[in-house]
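Notes for the one structure printed next.
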Amino acid sequence: MASVWVGPRGTIKDYPGFSPAVDAEAIRKAIRGIGTDEKALISILTERSNAQRQLIAKEYQATYEQELKDDLKGDLSGHFEHIMVALVTAPALFDAKQLKKSMKGTGTDEDTLIEILTTRTSRQMKEITQAYYTVYKKSLGDDISSETSGDFRKALLTLADVRFYFLLFASPRFQGVNKSE
């Protein structure tokens with residue numbers, strides 16, 4: 001499903017002469033044994049497009065019968081681990097996790113909600129809401145509803161999933177609810 005995430009945006013373009021098998025093997029060598037070859041990881045994962053990184057992760061899984069992100073987590077730490085894992089995470093899943101993180105605990109990170117919900121296409125939002133439900137067994141709309149209010153909530157729900165918004169506010173249980181709330 002990486003196709004909806006491919007386009008002219010961004011600074012990283014497809015790497016010429018790309019081979020997922022070669023890159024998967026090089027990554028495996030970089031994280032196995034004594035020490036980690038951080039330069040190799042940086043070189044490979046930052047110079048491949050997202051679609052190419054997803055193919056590397058798929059090839060890694062097929063070849064080594066392990067998730068690339070799990071091996072990265074086991075070998076790396078700190079901010080470097082976070083960025084390397086983020087680079088191999090599918091975009092819809094990454095966004096779903098960031099949305100959940102923005103609504104977790106006390107307070108809501110409105111900037112993250114706005115950033116993701118206003119910059120993704122309808123097709124991307126569909127993938128994000130599916131990934132969100134798959135991971136958290138709860139709809140993105142339900143969490144947005146419980147963590148926000150008023151016109152801000154309505155706007156976010158509309159951006160997240162228009163069908164959910166209309167179902168929610170057309171529902172008899174919401175008839176007569178203060179619309180400005």
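The values are calculated or read from the model by the stated rules, or taken from the named source; none is laboratory data. Just so we're clear, the structure is a prediction, and the values are computed from it rather than from any experiment. Heads up, the Cβs are rebuilt from the backbone with ideal geometry, glycines too, and the neighbour counts pull from every protein chain shown. Keep in mind that these areas ignore ligands, DNA and RNA; they rest on the heavy atoms of the full protein, side chains included. Shrake-Rupley method; radii C 1.70, N 1.55, O 1.52, S 1.80 Å.
Quick notes on this one:
- Annotation: of all residues in segment 52-88 being under 16 Å from the mean Cα position of the chain (by Cα) and polar (S, T, N, Q), the one that is least open to solvent (accessible area, probe 1.4 Å) is Q52.
- Restricting segment 14-26 to residues that are assigned to a loop (DSSP other than H, G, I, E, B) and in contact with a helix residue (DSSP H, G or I) (Cβ under 7 Å, 6 or more places away or on another chain), the residue that is least open to solvent (accessible area, probe 1.4 Å) is F18.
- Close contacts from segment 27-51, counting a first residue that is free of Cβ contacts under 8 Å to residues at least 24 places away in the same chain and surrounded by 15 or more Cβ atoms within 10 Å (Cβ to Cβ) and a second that is β-branched (V, I, T) and assigned to a helix (DSSP H, G or I), with Cβ to Cβ under 7 Å and a gap of 6+ residues or different chains, come to I44/I27.
- The helices (runs of 4 or more DSSP H) found entirely in segment 58-127 that carry 3 or more residues being without any contact (Cβ under 8 Å) to a residue 60 or more places away in the chain and basic (K, R) are 91-103.
- Among residues of segment 132-160 that are in contact (Cβ under 8 Å) with a residue 12 or more places away in the chain, those with a beta-carbon under 7 Å from a residue that is loosely packed, with under 14 Cβ neighbours inside 10 Å at least six positions away or on a different chain give the pairs S149/E181; G150/S180; G150/E181; L159/T118.
- Checked against the criterion of being under 28 Å from I44 (Cα atoms) and open to solvent by less than 20 Å² (accessible area, probe 1.4 Å), the candidates L157, L140, L113, L99 yield just one match: L99.
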